[in-house]
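Accompanying notes for the structure given below.
The values are calculated or read from the model by the stated rules, or taken from the named source; none is laboratory data. Just so we're clear, the structure is a prediction, and the values are computed from it rather than from any experiment. Note that each Cβ is placed from the backbone with ideal geometry, even for glycine, and that neighbours are counted across all protein chains shown. Accessible surface areas use protein heavy atoms only, side chains included; no ligands, DNA or RNA. Shrake-Rupley method; radii C 1.70, N 1.55, O 1.52, S 1.80 Å.
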Amino acid sequence: MSHDPEAMMTVEDLKHLVRTVPDFPAPGILFRDVTTLFADARGFRMAVDQLLNPYAGERIDKVVGLEARGFIFGAAVALHLGVGFVPVRKAGKLPGETVGLDYALEYGTARIEVHADALTPGASVLVVDDVLATGGTAAAACTLLETCGAQVPGVEVLVELEALDGRRALAGRAVRSLLTV
(Lines give C-alpha, C1' and ligand atoms only; values in the text may rest on other atoms or scores of the structure.)
Protein backbone atom coordinates (compact mmCIF):
# COMPACT_ATOMS: atom_id res chain seq x y z
CA MET A 1 0.00 0.00 0.00
CA SER A 2 1.44 3.38 -0.97
CA HIS A 3 1.83 6.28 1.43
CA ASP A 4 -0.89 8.87 0.72
CA PRO A 5 0.23 12.42 1.68
CA GLU A 6 -3.39 13.69 1.55
CA ALA A 7 -4.36 11.21 4.26
CA MET A 8 -1.85 12.84 6.59
CA MET A 9 -3.76 16.14 6.61
CA THR A 10 -6.17 16.70 9.47
CA VAL A 11 -9.26 18.85 9.85
CA GLU A 12 -7.09 21.24 11.89
CA ASP A 13 -4.72 21.48 8.90
CA LEU A 14 -7.69 22.43 6.72
CA LYS A 15 -8.85 25.00 9.26
CA HIS A 16 -5.42 26.66 9.11
CA LEU A 17 -5.74 26.93 5.32
CA VAL A 18 -8.84 29.13 5.64
CA ARG A 19 -7.73 32.72 6.14
CA THR A 20 -9.68 35.03 8.43
CA VAL A 21 -9.87 38.61 7.15
CA PRO A 22 -11.05 41.13 9.76
CA ASP A 23 -13.36 43.99 8.82
CA PHE A 24 -14.29 42.61 5.39
CA PRO A 25 -16.57 43.44 3.68
CA ALA A 26 -17.58 45.78 6.51
CA PRO A 27 -16.23 46.77 9.93
CA GLY A 28 -16.78 44.10 12.58
CA ILE A 29 -17.08 41.21 10.11
CA LEU A 30 -14.60 38.32 10.22
CA PHE A 31 -14.59 37.05 6.63
CA ARG A 32 -13.59 33.40 6.10
CA ASP A 33 -11.53 33.39 2.90
CA VAL A 34 -11.35 29.92 1.34
CA THR A 35 -9.24 31.05 -1.63
CA THR A 36 -6.17 30.23 0.46
CA LEU A 37 -7.42 26.64 0.73
CA PHE A 38 -7.97 26.51 -3.05
CA ALA A 39 -4.32 27.52 -3.52
CA ASP A 40 -3.12 24.47 -1.53
CA ALA A 41 -3.50 21.39 -3.75
CA ARG A 42 -3.41 18.89 -0.86
CA GLY A 43 -5.89 20.88 1.20
CA PHE A 44 -8.25 21.43 -1.71
CA ARG A 45 -8.16 17.73 -2.59
CA MET A 46 -8.83 16.72 1.02
CA ALA A 47 -11.73 19.17 1.31
CA VAL A 48 -13.34 17.90 -1.90
CA ASP A 49 -12.83 14.27 -0.86
CA GLN A 50 -14.39 14.93 2.53
CA LEU A 51 -17.36 16.76 0.99
CA LEU A 52 -18.17 13.88 -1.38
CA ASN A 53 -17.30 10.87 0.81
CA PRO A 54 -20.71 10.52 2.49
CA TYR A 55 -22.33 10.29 -0.95
CA ALA A 56 -20.03 7.75 -2.59
CA GLY A 57 -22.31 4.90 -3.65
CA GLU A 58 -25.46 6.98 -3.09
CA ARG A 59 -27.72 8.04 -5.94
CA ILE A 60 -26.80 11.63 -6.71
CA ASP A 61 -27.94 12.91 -10.10
CA LYS A 62 -26.54 16.45 -9.91
CA VAL A 63 -24.46 18.59 -7.61
CA VAL A 64 -25.72 22.13 -7.08
CA GLY A 65 -23.23 24.85 -6.17
CA LEU A 66 -24.28 28.14 -4.62
CA GLU A 67 -22.83 31.38 -5.96
CA ALA A 68 -19.97 32.02 -5.94
CA ARG A 69 -17.35 29.93 -4.13
CA GLY A 70 -19.82 27.05 -3.91
CA PHE A 71 -19.32 26.76 -7.68
CA ILE A 72 -15.70 25.74 -7.17
CA PHE A 73 -16.37 23.10 -4.52
CA GLY A 74 -19.58 21.94 -6.19
CA ALA A 75 -17.99 21.49 -9.60
CA ALA A 76 -15.10 19.51 -8.12
CA VAL A 77 -17.48 17.28 -6.13
CA ALA A 78 -19.64 16.71 -9.24
CA LEU A 79 -16.60 15.78 -11.29
CA HIS A 80 -15.47 13.20 -8.71
CA LEU A 81 -18.98 11.77 -8.33
CA GLY A 82 -19.29 11.54 -12.13
CA VAL A 83 -22.45 13.68 -12.30
CA GLY A 84 -23.42 17.03 -13.75
CA PHE A 85 -23.07 20.38 -12.02
CA VAL A 86 -25.86 22.98 -11.70
CA PRO A 87 -25.22 26.55 -10.54
CA VAL A 88 -27.72 28.44 -8.40
CA ARG A 89 -27.08 32.12 -9.05
CA LYS A 90 -28.17 35.57 -8.04
CA ALA A 91 -31.03 36.98 -10.10
CA GLY A 92 -30.24 38.04 -13.66
CA LYS A 93 -26.97 36.10 -13.98
CA LEU A 94 -28.20 33.06 -15.95
CA PRO A 95 -29.08 33.24 -19.64
CA GLY A 96 -32.26 31.61 -20.88
CA GLU A 97 -35.37 30.64 -18.96
CA THR A 98 -34.96 30.49 -15.20
CA VAL A 99 -36.96 29.58 -12.12
CA GLY A 100 -36.36 31.78 -9.11
CA LEU A 101 -37.16 32.30 -5.47
CA ASP A 102 -37.15 35.46 -3.39
CA TYR A 103 -36.04 35.04 0.22
CA ALA A 104 -35.55 37.24 3.25
CA LEU A 105 -32.20 38.59 4.33
CA GLU A 106 -31.47 40.28 7.63
CA TYR A 107 -32.09 43.63 5.94
CA GLY A 108 -34.16 43.19 2.78
CA THR A 109 -34.62 40.41 0.27
CA ALA A 110 -32.61 38.58 -2.36
CA ARG A 111 -33.45 36.33 -5.29
CA ILE A 112 -31.75 33.19 -6.51
CA GLU A 113 -32.34 31.41 -9.80
CA VAL A 114 -31.63 28.15 -11.59
CA HIS A 115 -32.11 27.27 -15.24
CA ALA A 116 -35.64 25.97 -15.80
CA ASP A 117 -34.32 22.90 -17.63
CA ALA A 118 -31.42 22.09 -15.27
CA LEU A 119 -33.19 19.41 -13.24
CA THR A 120 -35.60 16.62 -13.98
CA PRO A 121 -38.42 15.81 -11.57
CA GLY A 122 -37.24 13.32 -8.95
CA ALA A 123 -33.56 14.16 -9.46
CA SER A 124 -31.43 13.69 -6.35
CA VAL A 125 -29.30 16.81 -5.92
CA LEU A 126 -26.55 17.51 -3.42
CA VAL A 127 -26.18 21.17 -2.41
CA VAL A 128 -22.60 22.35 -1.87
CA ASP A 129 -21.32 25.71 -0.60
CA ASP A 130 -18.21 27.12 0.99
CA VAL A 131 -19.65 28.76 4.12
CA LEU A 132 -22.82 28.27 6.14
CA ALA A 133 -23.58 31.55 7.91
CA THR A 134 -27.24 32.36 8.64
CA GLY A 135 -28.44 29.54 6.37
CA GLY A 136 -30.83 31.74 4.40
CA THR A 137 -29.32 31.19 0.98
CA ALA A 138 -28.88 27.43 1.46
CA ALA A 139 -32.46 27.07 2.75
CA ALA A 140 -33.79 29.10 -0.17
CA ALA A 141 -31.77 27.00 -2.62
CA CYS A 142 -33.19 23.76 -1.17
CA THR A 143 -36.73 25.15 -1.45
CA LEU A 144 -36.11 26.33 -5.02
CA LEU A 145 -34.71 22.94 -6.06
CA GLU A 146 -37.64 21.12 -4.48
CA THR A 147 -40.02 23.49 -6.29
CA CYS A 148 -38.35 22.24 -9.48
CA GLY A 149 -39.20 18.67 -8.44
CA ALA A 150 -35.77 17.67 -7.14
CA GLN A 151 -34.98 15.84 -3.92
CA VAL A 152 -32.21 17.24 -1.70
CA PRO A 153 -30.55 14.47 0.34
CA GLY A 154 -27.98 16.79 1.87
CA VAL A 155 -26.24 20.12 2.19
CA GLU A 156 -22.44 20.03 2.39
CA VAL A 157 -20.37 23.06 3.42
CA LEU A 158 -16.71 23.57 4.09
CA VAL A 159 -17.01 26.08 6.96
CA GLU A 160 -19.88 26.60 9.38
CA LEU A 161 -20.03 29.82 11.39
CA GLU A 162 -21.62 28.32 14.50
CA ALA A 163 -22.43 31.64 16.19
CA LEU A 164 -24.80 32.54 13.33
CA ASP A 165 -26.86 29.33 13.82
CA GLY A 166 -27.42 28.65 10.11
CA ARG A 167 -28.58 25.11 10.87
CA ARG A 168 -31.77 26.57 12.31
CA ALA A 169 -32.79 27.78 8.83
CA LEU A 170 -32.11 24.25 7.54
CA ALA A 171 -33.94 22.40 10.32
CA GLY A 172 -34.98 18.91 9.24
CA ARG A 173 -32.31 18.74 6.53
CA ALA A 174 -29.11 16.72 6.53
CA VAL A 175 -26.39 19.36 6.89
CA ARG A 176 -22.72 18.57 7.26
CA SER A 177 -19.77 20.93 7.65
CA LEU A 178 -16.12 19.98 7.58
CA LEU A 179 -14.99 22.89 9.76
CA THR A 180 -16.73 24.88 12.44
CA VAL A 181 -15.57 28.27 13.66
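Summary of computed values
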| item | result |
| --- | --- |
| Residue tally, condition in a helix (DSSP H, G or I) and among the aromatic types (F, W, Y), over region 19-50 | 2 |
| Qualifying residue in region 145-162 (condition: surrounded by fewer than 15 Cβ atoms within 10 Å (Cβ to Cβ) and more than 21 Å from L101 (Cα to Cα)) | yes |
| Complete set of residues in region 165-181 that are buried (at least 16 other Cβ atoms within 10 Å of the Cβ) and outside any strand (DSSP E or B) | G166, R167, A169, L170, R173 |
| Cβ pairs under 6 Å, 6+ apart, first in region 95-121 and more than 17 Å from Q151 (Cα to Cα), second assigned to a loop (DSSP other than H, G, I, E, B) and at pLDDT below 95 | none |
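A quick yes/no check of all residues on (1) more than 17 Å from V86 (Cβ to Cβ); (2) open to solvent by 50 Å² or more (accessible area, probe 1.4 Å):
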| site | (1), (2) |
| --- | --- |
| P25 | yes, yes |
| T35 | yes, yes |
| A39 | yes, yes |
| R45 | yes, yes |
| D61 | no, yes |
| L66 | no, no |
